[in-house]
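I have placed the structure first, in the form of structure tokens, so that the comments after it can refer back to it.
Coordinate-derived values only; no laboratory data. Because the structure is predicted, anything quoted here is derived from the model rather than measured. Reconstructed Cβ throughout: ideal geometry from the backbone, glycine too, with neighbour counts over all protein chains shown.
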Amino acid sequence: MFLGLAIVALLIFVYGTLAVKLGRWSITMPMIFMTAGFLLGPGCAGLLPISFEAEGMKTLTEVTLAVLLFADASTLDLRQLRHDPGLPARLLGVGMPLTMLLGTAIFFGLLPNEGIAFAALLAIILAPTDAALGLPIFNDPKVPVRIRRALNVESGLNDGIATPFVLLFLSLATASEAHAAHDGWLLKALLEIVLALLAGLLVGAGGGWLLTKTAARGWSSGISQQIAIFGLALAAFFGSLMIDGNGFIAAFSGGIIFSAATGNRFSEPAEFTENAGALLSLLVWGIFGGLAVPKAIFHAGDWRPFACAVLSLTAVRMLPVALAMSRTGLRSDTIALMGWFGPRGLASVVFTLLAFMTLREAGRPIELLVSTATWTIMLSVLTHGLSAKPLSAWYARRLAKAGGPLPELQELPELRERLNILRGSHKR
């Protein structure tokens, strides 16, 4: 046990010392720690005693996502989008629902015996995107600000938007297999959402008001504000659980309300919360590599999960984005780039792990869900991580050669630069 933990600790140190250099080689943090989890976990060397029965495993994964949901929501200043709200609105309001629907249809067609609730749950788990897996797109100033802003806003909000749908269809999938209380699953799930929104409102508005007052009176410093915001994220999550609400929805809605209540004044102190979540995500990627990746590899005899994964990363994402971007005047290569860069990251990892635990407790077979989601995430980590830099350079060269005014080149202010300790600097 201690040998495995010592190796992980040393790996964190080594990654921290080489992060920029590794980034130039398109080697990302998820690649490293997912691989480390697989090699050190119970499916391989057995040096890490991780299992779904291990105390605190579920809490760690849940807290990590909740902290990052609060951080994303509280640091993204939606007022900056007033100059160009159209592209993000299309991606979130048209592209994301179509992605869920098309994914449901394709997964149900390939896995009909699992049921429609299973297909919808899998489609929703794989709908959120993660900008951290395609950083060269967001770091390259030669890629138009308008495109980077749209993709960044989408990735910052779609995991929170997906959360209530994950809850609904996970409840439906569980109820359909429990042979017990078929009646009432929807009411129970909706009640969890309502209670979560209430908790998010109280924590976000109340915390924002109090922190604004104390900061104005000089009763808090920059460092203490960082601690306060981190505590507020945890308060939203655990406070919602205390009243039987969904902690993820509470954290996400609480972050949005906190940002609105404070006029996004505390976005810089909130970076501490994002960095804390990023550190925790190292462990979650390791858990994912140790528990989910072996199940996908050992289930490789069935071609359907791999086919679903390939389709999820291509047609299921790219066709809805193309439809969402129709009649915008954007170039076809721009739309293709936006469609391709929908990497599946931490939100899909946590949703997969939680679905695994919940469905297994209900006696629901979980091999196909875990295998399909894991193959999708693994392929995304690899293909998006390796293709981000060359495709970014290729796209920038094509735009430079294009003549005439282009809607992509609409002049917009840069989103405020963010510095994440594991991701490097990028714009938000």
Using the Kirkwood formula over every pair of different C-alpha atoms, what hydrodynamic radius in Å results for the chain?
22.0 Å
Along the charge dipole of the chain, pointing to its positive end and built from +1/-1 on Cβ of Lys, Arg, Asp and Glu, which listed residue (Gly245, Thr376, Val145) has its Cα farthest out?
Val145
Helices from the chain with mean Kyte-Doolittle at least 0.5 and a Cα length along the axis of 30 Å or more, per DSSP H: which?
2-24, 145-178, 185-216, 271-298
Computed Rg/Rh for region 108-252 (Cα atoms; Rh = Kirkwood radius) stands at 1.09
How large is Rg over Rh for region 23-88, taking Rg from the Cα atoms and Rh as the Kirkwood inverse mean of 1/r across Cα pairs?
1.18
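In percent, how large is the relative contact order of region 234-305, given Cα pairs closer than 8 Å and 6 or more residues apart? All intermediate terms of the calculation are to be shown ahead of the outcome.
On the way: 20 pairs, mean separation 10.2, N = 72.
Relative contact order here is 14 percent.
Mind checking the dipole of the chain: about its Cα centre, +1 per Lys or Arg Cβ, -1 per Asp or Glu Cβ, Debye to the nearest 20?
I would put it at about 1380 debye.
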Normalised by the number of residues in the chain, what is the relative contact order in percent for Cα pairs under 8 Å and 6+ residues apart?
28 percent
Most exposed first by the Cβ proxy, i.e. fewest other Cβ within 10 Å, how do Cys308, Cys44 rank?
Cys44, Cys308
Please report the spacing between the Cα centers of region 314-373 and region 273-313 in Å, no decimals.
13 Å
List the pair-distance distribution P(r) of region 1-128, using every Cα-Cα distance, as the percent of pairs falling in each 5 Å bin from 0 up to the bin containing the longest distance, rounded to whole percents.
2, 8, 9, 11, 14, 17, 16, 11, 8, 3, 0
